[in-house]
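The values are calculated or read from the model by the stated rules, or taken from the named source; none is laboratory data. Small disclaimer: the values here were computed from a predicted structure and weren't measured. Please note: Cβ atoms are built from the backbone with ideal geometry, for glycine as well, and neighbour counts cover all protein chains shown. Please note that ligands, DNA and RNA were not included when accessible areas were found on the heavy atoms of the full protein model with its side chains. Shrake-Rupley method; radii C 1.70, N 1.55, O 1.52, S 1.80 Å.
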Amino acid sequence: MITGATAGIGEATAKLLAENGYRLILTGRRKERLDRLQAALQMEYQAEVWTLVFDVRNLRQVENAIDSLPEDWKEIDILINNAGLAAGLSSVQEGEIGDWEQMIDTNLKGLLYVTRKISPQMAERHSGHIINISSIAGKETYPMGNVYCATKHAVQSLTKGMRLDMLKHGIKVSSVAPGAVNTEFSTVRFKGDSQRAEKVYEGFVPLLARDIAETILFVITRPPHVNIDDVLVMPAAQASSRDFDRKLS
Ligand code: NDP
Ligand code: 8X3
């Protein structure tokens, strides 16, 4: 199951896993995008794909959607907690409370709702793998990144917490933390201002969503005795959340 498969990293991961023969449950709020992706993956890779439309912030929707899975889709072996966003880039004293709530409710509470619903069946079967998509923002805090960085630091901490709690239940837990990836992330952060979003990736080659999909594929294909705890993947031209080798013309 991949949450947030309608765009960016989630969509690229869905494509790569379909290419590699995985049965996929894809989720997101935008039904038309999920329908289109399902049709494309079925056509191109003969992939078996089930889609679930829900908002990870809504506990009732999360529970109902997962309960609605048909019997032969209920056993989830791998959960990729990817749905997430940044909303705004402002100092704490000027931040929008609504943006903070959206980030906390999605990146933190949404990840917990989905994990709480799926992890018991993994524990019962004594097998499963949860991959949390964190960020360089989960390792470093940058100016104006306050709440987004706090949610991703929390994802790092929860990954550790899950790993500790699920150790004796045979469940693997990993986090994948990307640097700058060119997806819809910045357009969402700047609320549709695509010019401002493009500037984020100006003058250097950012990661592609496919680069993170390939990292995820590596993480989930290790042998049973190996758990990749945490991976930080950066563009070659990015050395920290604030240091870029930009060549502007
Ligand atoms: P995109 O905006 O391209 O994709 C985000 C995905 O999350 C969409 O599929 C969206 O689906 C889903 N999503 C957002 N909010 C919700 C919600 N409330 N309920 C359900 N699904 C939701 O961004 P990315 O692919 O870049 O982001 C994926 C993850 O990677 C995020 O957790 C992000 O924080 C993280 N990340 C991104 C980096 C980057 O530079 N791009 C770097 C480091 C980490 P829909 O709108 O259809 O619901
Ligand atoms: C997304 C990357 O550096 O904008 O997590 O926070 S950053």
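Among 147, 130, 167, flag the residue with its Cα farthest along the positive direction of the charge dipole of segment 89-170, charges on Cβ as +1 for Lys/Arg and -1 for Asp/Glu. Projecting each Cα onto the dipole axis, the largest value belongs to 167. Taking 16 Å as the straight-line reach from the Cα of residue 31, the aspartates and glutamates in range (excluding those fewer than 8 positions away in the same chain) are 11, 55.
With only alpha-carbon atoms in the gyration tensor, what are the semi-axes of the equivalent ellipsoid for segment 167-249, in Å, largest first? All intermediate terms of the calculation are to be shown ahead of the outcome.
Values: eigenvalues 193, 41, 21 Å².
One finds semi-axes of 31, 14, 10 Å for segment 167-249.
Given +1 at the Cβ of Lys and Arg, -1 at the Cβ of Asp and Glu and no other charges, the dipole of the chain around its Cα centre is 260 debye to the nearest 20. Axis angle, to the nearest 10 degrees, between helix 8-19 and the longest C-alpha principal axis of the chain: 40 degrees.
Lys-Lys pairs in segment 102-249 that are eight or more residues apart or on separate chains and whose Cα atoms lie under 14 Å of each other come to 8.
Protein heavy-atom surface of the chain, 1.4 angstrom probe: 52% of the accessible area is carbon and sulfur, with nucleic acids and ligands not counted.
Would you work out if segment 1-71 is rounded, prolate or oblate? Take a ≥ b ≥ c from the square roots of the eigenvalues of the alpha-carbon gyration tensor; rounded if a/c is under 1.5, else prolate when a/b is larger than b/c, oblate otherwise.
Details: a/c = 2.06, a/b = 1.59, b/c = 1.30.
Prolate is the answer for segment 1-71, as a/c is 1.5 or above and a/b outweighs b/c.
Using just the helices of the chain, give the 222 nm mean residue ellipticity in deg cm²/dmol: DSSP H runs with n ≥ 4 each add -39,500 (n - 2.57), and the total is spread over all residues, rounded to 500. That comes out to -12500 deg cm²/dmol. What is the helix-to-structure angle for 209-220, meaning the angle in degrees between its Cα long axis and the longest Cα principal axis of the chain, kept from 0 to 90 and rounded to the nearest 10? Around 40 degrees separate the two axes.
Report the gain in length on full extension from residue 211 to residue 165: 0.36 nm times residue separation, minus Cα-Cα distance, nm rounded to one decimal.
Working: separation 46, 0.36 × 46 = 16.56 nm, distance 2.99 nm.
Answer, rounded to one decimal: 13.6 nm.
So how far, in whole Å, is the C-alpha centre of segment 3-39 from the one of segment 175-229? Spelled out, the Cα-based centre of one part sits 15 Å from the other.
Mean separation of Cα pairs under 8 Å and 6 or more residues apart, divided by the residue count, gives the chain a relative contact order of 19 percent.
Annotation for residue 101 and residue 229: the two label points, set 7 Å from Cα along the Cα-Cβ direction, are 3.7 nm apart.
Compute and list, largest first, the equivalent-ellipsoid semi-axes of segment 3-117 from the alpha carbon gyration tensor, each √(5λ) rounded to a whole angstrom.
Working: eigenvalues 155, 54, 24 Å².
Computed over segment 3-117, the values are 28, 16, 11 Å.
The value obtained for the chain, namely the Cα convex hull volume divided by the number of residues, is 129 Å³ per residue. Solvent exposure of the chain, expressed per residue, is 50 Å² of accessible area, with all protein chains present and a 1.4 angstrom probe.
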